[in-house]
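What follows is calculated from the coordinates using simple rules that are stated; it is not laboratory data. Since this is a predicted model, take the numbers as computed values, not measurements. Neighbour counts are summed over all protein chains in view; Cβ atoms, including those assigned to glycine, are modelled from backbone coordinates with ideal geometry.
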Amino acid sequence: MDRLIPLSIPNFEGNERNYVDDAVGQGWVSTGGAYITKLEENLAEYLKAPRVAACQSGTAALHLALVESGVQPGDLVIVPTLTFIAAVNPVRYQFASPVFMDCDDSLCMDPVKLRRFCETECRMQEGGLIHTASQKAVKAVVVVHVFGNLADMEAIMDIAQEFRLKVIEDATEALGTYYTQGRYAGKYAGTIGDFGAYSFNGNKIITTGGGGAVTAKESKAAEHMQYLSTQAKDDPHYYVHNEIGYNYRMTNLQAALGVAQLEELETFIARKNKNYDLYAELLSSFVSGSLLPFREGTRSNKWFYALQLKGVDNAEQLRGIILQLQERKIQTRPIWGLIHEQLPYREEIAFEIERAATYSRCVLNLPCSTQITEDEIAYVVEQVSEICKQ
Ligand SMILES: *Cc1c(COP(=O)(O)O)cnc(C)c1O
């Protein structure tokens, strides 16, 4: 291979240049402009959601969802430990504390342990869940749909209802993923819980450079998050502010890119699925590990491909493989380190973390850009097979 095969790069094959040029031409480049509203409307229609608020990042979307959930200083919020740290940091922005939860074999939150934590470590009091040892209120759970998979939402929603937890879906990696079977058939990731957050960062399935969106089950809640994202301004002319707001609104330039990208989303998903199938076929005889599947009964966007490696059980071993692949012009990355082991979070509650620890040491993400060719996929599989045999 003479050029690097990147892990995940954006694809601008559609109307991106036209729309961005149009936005610049009109002079609408900041937090006002028709493309922002258009992106919000198109996204709401695509997701079959009542309303969507476009914002600056997935992180901002998650923060707005926590604010809207009523998470206060001193509260607890249940989060996964095997995820990107942006799913957890907004809990601290609210001066609340995370409770770290294990994953199941889908890499998403384990509902069995979630229930066990609520039943054995907490009790219901005055209609809310209280963590017995700390006496703190457990207000919400952040569920991440890892790599475009779906968490076990039927089980999680039952638990959340029983223990009165708000459910914030981190669907930043799962735009376009939906259930095809079961209670939530036809429901998109991010539209099942109380809130859903999306990201349009550079490596996500569609991008606005940086950007995100947040939706809510209740239209009014989404409207309120939109208000909070624009400095909570209460009068069209005068500077009247009745709440603490944020400068989280998406810009029209970002939204112009986003409107074009959304037009291509289904094409991107089809390619991601086709490429995943090819990887799966070529890796079927791979003896040193296996390609992780996506949940049955879903149509996944197959955003990221995860290869679980046999006999790899520490970070340095995985780094060695990544470096060897880099020499052969293949860009890969390890799955995340556990968040409860990161310096700012070592004192927090971590509940029975087992599977997440295992997966975090042996999962490698393979190149998955929509532009990757069949030859490149074959080359990646060949090189990974050769390196892992040694
Ligand atoms: C990308 C990502 C985010 C944050 O999105 P940004 O737009 O980068 O702020 C949050 N959670 C997860 C799981 C992500 O992958």
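Numbers for the structure displayed
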| read-out | value |
| --- | --- |
| Region 265-389 - charge dipole about Cα centre, Lys and Arg +1 at Cβ, Asp and Glu -1, debye rounded to 20 | 180 debye |
| Region 86-161-region 217-287 distance, computed between alpha-carbon centres (Å) | 23 Å |
| Dipole magnitude of the chain about its Cα centre (Cβ charges: Lys, Arg +1; Asp, Glu -1), debye to nearest 20 | 220 debye |
| Cα extents of region 305-390 along the three principal axes, largest first (Å) | 47, 30, 20 |
| Loop trypsin sites (Lys or Arg not before Pro), region 147-194 (other Cβ atoms within 10 Å of the site Cβ: 11 or fewer; DSSP) | ARG183 |
| Positive dipole terminus of the chain, leading residue within LEU175, ILE335, ILE78 (C-beta point charges) | ILE78 |
| Beta bridges per DSSP with both ends in the chain, % antiparallel, nearest 5 | 65 percent |
| Positive-pole candidate from ALA61, ALA23, CYS118, dipole of the chain, charges at beta carbon | CYS118 |
| Dipole of region 265-389, positive end: most advanced residue of THR358, TYR345, SER300 [Cβ charges, Cα centre] | SER300 |
| Long-range amide H partners of ALA140 with built H, under 5 Å | ILE78, LYS166 |
| Violating pairs (Cα-Cα greater than 19 angstrom) within the set LYS38/LYS274; LYS48/LYS217; LYS113/LYS166 | LYS38/LYS274 |
| Interchain or long-range residues, amide H under 5 Å from ARG333's placed H | ASN365 |
